[in-house]
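Q: What follows is a structure written as structure tokens; I'll ask about it next.
The values are calculated or read from the model by the stated rules, or taken from the named source; none is laboratory data. Everything quoted here is computed from the prediction, not taken from an experiment. In this analysis, Cβ positions are derived from the backbone assuming ideal geometry, glycine residues included, and neighbour counts consider all displayed protein chains.
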């Protein structure tokens, strides 16, 4: 299962569609769950035990990316994380 963190950007669902297209070749891409960056906690993410996390683009600076920096800091060592635009900038911040 892949969790996508939506940083309030319209491109998020393009990413979800692209990941979903890998579903036949990548079994974890058959279950994609999207959460806004201020609507889920680290504990809720941990409970779901994602195979990977994608952090989407969004407006503003990495410091404004909600839970995204905390996800990278707390889960980055144990869960693969892919950041796009703001998500990648948040990875650089941490």
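This table checks each residue for (1) over 22 Å from residue 93 (Cα atoms); (2) modelled with pLDDT of 95 or more; (3) assigned to a strand (DSSP E or B).
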residue: 3; (1), (2), (3): no, yes, yes
residue: 9; (1), (2), (3): no, yes, no
residue: 16; (1), (2), (3): yes, yes, no
residue: 20; (1), (2), (3): yes, no, no
residue: 25; (1), (2), (3): yes, no, no
residue: 28; (1), (2), (3): yes, no, no
residue: 45; (1), (2), (3): no, yes, no
residue: 58; (1), (2), (3): no, yes, no
residue: 79; (1), (2), (3): no, yes, no
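Q: What about residue 69, is it part of a loop (DSSP other than H, G, I, E, B) and either under 11 Å from the mean Cα position of the chain (by Cα) or surrounded by 15 or more Cβ atoms within 10 Å (Cβ to Cβ) (or both)?
A: It is false that residue 69 is part of a loop (DSSP other than H, G, I, E, B) and either under 11 Å from the mean Cα position of the chain (by Cα) or surrounded by 15 or more Cβ atoms within 10 Å (Cβ to Cβ) (or both).
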